[in-house]
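Asks: Below you will find the structure I want to go over with you.
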């Protein structure tokens, strides 16, 4: 297994998998919040309390290709509500609705949704489950790669000991001091940043036999 700056190819792949899993975890957190908000809006619909809210502004949708009406409402207890109304492609047309009223559901706790809108909790739940499954698979794959990398390191260590048995007992460095010619042959075993390959081990083994 080839090494780059002391890291094996397997370890590099493992780190890439871990970074992907962590990035996916951020999306999962955001989607979980979206699901939670959707559940609160669905509960507001179940409560059946409908009031009139005022359109106070228009705002771009997430992708920026359309705008939606933005409403605000404050109930008799001082609880504030806000949210999205209808979507429009034309911003100028949408702004004509500022100051008008729309019906919304409220739950008395600050959660609301415009009448006729559908909460996105169910769609979010489906995507959330899929992403969680992918995340678990990535973590399992990462752990397997770490195990594989550790096993490969042990195998390489055993190969090194076979090429020069004195390496384990500490006589290897003494051999290098007494015989400078061997230093070039065994440079792979004492410099961590060098590139180590199976071919290098085989070459060192041949040199020792000669």
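Asks: How much length is gained if the chain between residue 126 and residue 16 is pulled fully straight, taking 0.36 nm per residue apart and subtracting their Cα-Cα distance, in nm to one decimal?
Replies: Numbers: separation 110, 0.36 × 110 = 39.60 nm, distance 2.63 nm.
37.0 nm is the gain from fully extending residue 126 to residue 16.
Asks: How would you rank 68, 117, going from fewest to most other Cβ atoms within 10 Å of each one's own Cβ?
Replies: Least crowded to most crowded, the residues run 117, 68.
Asks: How would 145, 131, 69 line up from fewest to most surrounding beta-carbon atoms within 10 angstrom?
Replies: Numbers: 145 19, 131 16, 69 23.
Going from least to most buried by this count: 131, 145, 69.
Asks: Which order do 66, 34 fall in if you start with the one that has the fewest other Cβ atoms within 10 Å?
Replies: 66, 34
Asks: When N is the residue count of the range 43-111, what does its C-alpha Rg come to as a fraction of 2.2 N^0.38 Å?
Replies: Output field value: 1.16.
Asks: For labels at residue 57 and residue 140 in the simple 7 Å Cα→Cβ model, what's the distance in nm?
Replies: 4.6 nm
Asks: What base-10 log of the normalised intensity I(q)/I(0) is obtained for the range 1-159 from the Debye formula, alpha carbons as equal point scatterers, at q = 0.15 Å⁻¹?
Replies: With no solvent term, the Cα-only Debye profile gives -0.86.
Asks: With labels modelled as points extended 7 Å from the Cα through the Cβ direction, what inter-label distance (nm, one decimal) is found for residue 76 paired with residue 97?
Replies: Placing both labels 7 Å beyond Cα along the Cβ direction yields 2.9 nm.
Since every read-out is calculated from the coordinates, none of them should be taken as a lab result. In this text, all values refer to a predicted model and were calculated from it rather than measured experimentally. Cβ atoms come from the backbone with ideal geometry, glycine included; neighbour counts cover every protein chain shown.
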